[in-house]
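What follows is calculated from the coordinates using simple rules that are stated; it is not laboratory data. The model shown is predicted, which means the values in this text are computed figures rather than measured ones. A quick note on method: Cβ atoms are made from the backbone with ideal geometry, for glycine too, and the neighbour counts reach across all protein chains shown.
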Amino acid sequence: MARQAYEKAQAAGRPLRIFFQDEARFGRINDPRRCWVRAGIRPVVGKQIVREYTYAYGAFCPQDGASSHLILPAMDGYCMTYFLRHVRKEFPDDFILMVMDGAPCHKDGAMDVPENMIIQRLPPYSPELNPSENMWDDMREKFFGNTVFDSMKAVENRLCEAMNHYADTPETVLSITSFPWINSSIEC
């Protein structure tokens, strides 16, 4: 698929940019995690189970560490189309190969794919192939670990902080998303 995308990019006269896309649900339910404290001190960590959620959409480029993010209220075809248009506007000069899983909102007919972008779906039941999953793990560990939020607005504010961090540090995105099989595919 990378070869086909590269040929389409050349035909369009644009450079090829490869993104791996995924969505993650964030909310007010938290799981206490291990943490460092001085010897002899038992850490006190809050726990809450409030069933309120929002969705973080992200696309991450293993070529240069670029990323694009949005917080949207649902995981459906309408929100997915909105996110794809957002990515298209952020990278207007590139031809985009968007690699994603086979979620229902990623199916043909559920979303509208902008021009100068093609979709490649990963094989079913293979989240380990999508480096976006590792980005969500890193985000949860660094920005959400052992934190209790008093509102969804606080969750969204922390998501914005995390997304801005990754947008401002492409070297972090690059270090997490540059899987060897992706790098060898890009070089083809």
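Out of curiosity, is PRO104 within 18 Å of the chain's Cα centre (by Cα), surrounded by 16 or more Cβ atoms within 10 Å (Cβ to Cβ) and more than 28 Å from GLN48 (Cα to Cα)? Explain how you work it out, then say what you get.
Values: within 18 Å of the chain's Cα centre (by Cα): yes; surrounded by 16 or more Cβ atoms within 10 Å (Cβ to Cβ): no; more than 28 Å from GLN48 (Cα to Cα): yes.
The answer is no for PRO104.
Tell me yes or no: at least one residue of segment 91-111 is farther than 22 Å from ARG3 by Cα and among the acidic types (Asp, Glu).
No - not one qualifying residue is present in segment 91-111.
Taking strands (runs of 3 or more DSSP E) that do not extend beyond segment 15-78, which have at least 3 residues that are among the charged types (D, E, K, R) and surrounded by 19 or more Cβ atoms within 10 Å (Cβ to Cβ)?
16-27
Between residues in segment 17-43 that are farther than 30 Å from MET98 by Cα and without any contact (Cβ under 8 Å) to a residue 40 or more places away in the chain and residues that are outside any loop (DSSP other than H, G, I, E, B) and of a type in the set (Ser, Thr, Tyr), which pairs lie under 7 Å by C-beta distance while being six or more apart or on different chains?
From residues that are farther than 30 Å from MET98 by Cα and without any contact (Cβ under 8 Å) to a residue 40 or more places away in the chain, there are no pairs.
So which residues in segment 9-42 are touching a strand residue (DSSP E or B) at 6+ places or on another chain (Cβ under 6 Å) and not aromatic (Phe, Trp, Tyr), if there are any at all?
ALA9, ALA12, ARG14, LEU16, ARG17, ILE18, GLN21, GLU23, ALA24, ARG25, GLY27
For segment 79-101, name all the residues that are assigned to a helix (DSSP H, G or I) and either crowded, with 22+ Cβ neighbours inside 10 Å or not hydroxyl-bearing (Ser, Thr, Tyr) (or both). Full working, then the answer.
Going through segment 79-101, the residues assigned to a helix (DSSP H, G or I) turn out to be 79-90.
Selection gives CYS79, MET80, PHE83, LEU84, ARG85, HIS86, VAL87, ARG88, LYS89, GLU90.
For segment 63-81, what are the residues that are in contact with a strand residue (DSSP E or B) (Cβ under 7 Å, 6 or more places away or on another chain) and not polar (S, T, N, Q)?
Listed by number, the residues that qualify are HIS69, LEU70, ILE71, LEU72, PRO73, ALA74, MET75, GLY77, CYS79, MET80.
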